[in-house]
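Structure first, commentary second.
Laboratory data are not the source of any read-out in this text; all were calculated from the coordinates shown. Fair warning: this is a prediction, and the values are worked out from it, not measured in the lab. Using ideal geometry, Cβ is built from the backbone for each residue, glycine included, and neighbour counts are taken over all protein chains shown.
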Amino acid sequence: MYKIILLENEQILSSKEIEDYDETFSYINSLVKQLDKNKKIIVHEMRNEKWEKFGEWKLE
C-alpha cells in the first residue's frame with residue numbers, strides 16, 4: 001500500500017492511497033506533469049503496519 005501526497009508550499013493539494021505498485025507509479029507519473037517550483041510529491045509505503053517515506057519528487 002502506498003500513500004501519494006501532492007503538496008504546494010507544504011499544503012496538501014491531494015492525497016491518495018493505492019495498493020498496486022504499477023498503478024502507484026502511473027499515478028506519480030501523472031502528478032509529475034503538474035509539478036512547478038512550489039509543488040512536490042511525497043510517497044509513503046506501508047511497512048510493518050506504519051507509513052514510511054518511500055520517495056520524494058520536486059523540481060530542482
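Can you tell me which residue in the range 13-40 is farthest from Gly55 (Cα to Cα), limited to those that are assigned to a strand (DSSP E or B) and of a type in the set (Gly, Ala, Ser)? Before the answer, list the steps.
Within the range 13-40, the subset assigned to a strand (DSSP E or B) is 13-18, 39-40.
From what is left, the residues that are of a type in the set (Gly, Ala, Ser) are 14-15.
Details: Ser14: 16, Ser15: 15 Å.
If we take residues in the range 13-40 being assigned to a strand (DSSP E or B) and of a type in the set (Gly, Ala, Ser), then Ser14 is farthest from Gly55 (Cα to Cα).
Taking the residues in the range 1-12 that are of a type in the set (A, V, I, L, M) and assigned to a strand (DSSP E or B) as candidates, determine which candidate is farthest from the chain's Cα centre (by Cα).
Here is the first cut: in the range 1-12, the ones of a type in the set (A, V, I, L, M) are 1, 4-7, 12.
Filter once more, so that each one left must be assigned to a strand (DSSP E or B): 4-7, 12.
Working: Ile4: 3, Ile5: 4, Leu6: 6, Leu7: 9, Ile12: 11 Å.
Only one residue fits best here, namely Ile12.
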Query raised in the report: If Lys53 satisfies every condition in (1) in contact (Cβ under 8 Å) with a residue 12 or more places away in the chain; (2) in a strand (DSSP E or B); (3) of a type in the set (Lys, Arg) but one, which is the exception?
Result: (1)
Query raised in the report: Across the range 13-30, what is the total count of residues that are touching a residue at least 12 places away in the same chain (Cβ under 8 Å) and over 12 Å from the mean Cα position of the chain (by Cα)?
Result: 2
